[in-house]
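The values are calculated or read from the model by the stated rules, or taken from the named source; none is laboratory data. Given the structure is predicted, the values throughout are model-derived calculations rather than measurements. A quick note on method: Cβ atoms are made from the backbone with ideal geometry, for glycine too, and the neighbour counts reach across all protein chains shown. The protein model used for the area step is the full one, side chains on, heavy atoms only, and it has no ligands, DNA or RNA in it. Shrake-Rupley method; radii C 1.70, N 1.55, O 1.52, S 1.80 Å.
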Amino acid sequence: QGIGTAMIQYLIDAFRHSPMRRIEIGVAASNPRAFELYQRLGFVEAYQLELNLGQGRETVIYMGLTLPDFEV
């Protein structure tokens, strides 16, 4: 339905008007749909950690998106 895409794009646009140039997001490896969404929006895999997400240990993939310098 595009709700997830719209929400992430809204947040990316909000960061474009801030001094922050890098956005990082974590996604459970067991959630391939979210991983694919973030890839489609330009995020690339940066690193992985094993974390306890309440149901035991799980791999969390951290993805990053570097924004271009803000232009006035």
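Criterion first (open to solvent by less than 40 Å² (accessible area, probe 1.4 Å) and over 11 Å from the mean Cα position of the chain (by Cα)) does V60 satisfy it? Here the answer is yes, as V60 does meet what is asked. Across segment 1-37, the qualifying residues are those that are under 22 Å from D69 (Cβ atoms) and of a type in the set (F, W, Y), and the one among them that is least open to solvent (accessible area, probe 1.4 Å) is F15.
For P68, the conditions (1) assigned to a strand (DSSP E or B); (2) open to solvent by 40 Å² or more (accessible area, probe 1.4 Å) are fulfilled apart from (1). Take segment 47-58 and flag every residue that is out of contact with any Ser or Thr (no Cβ under 8 Å at 6 or more places or on another chain) and in contact (Cβ under 8 Å) with a residue 12 or more places away in the chain. Passing the criteria: Y47, L53.
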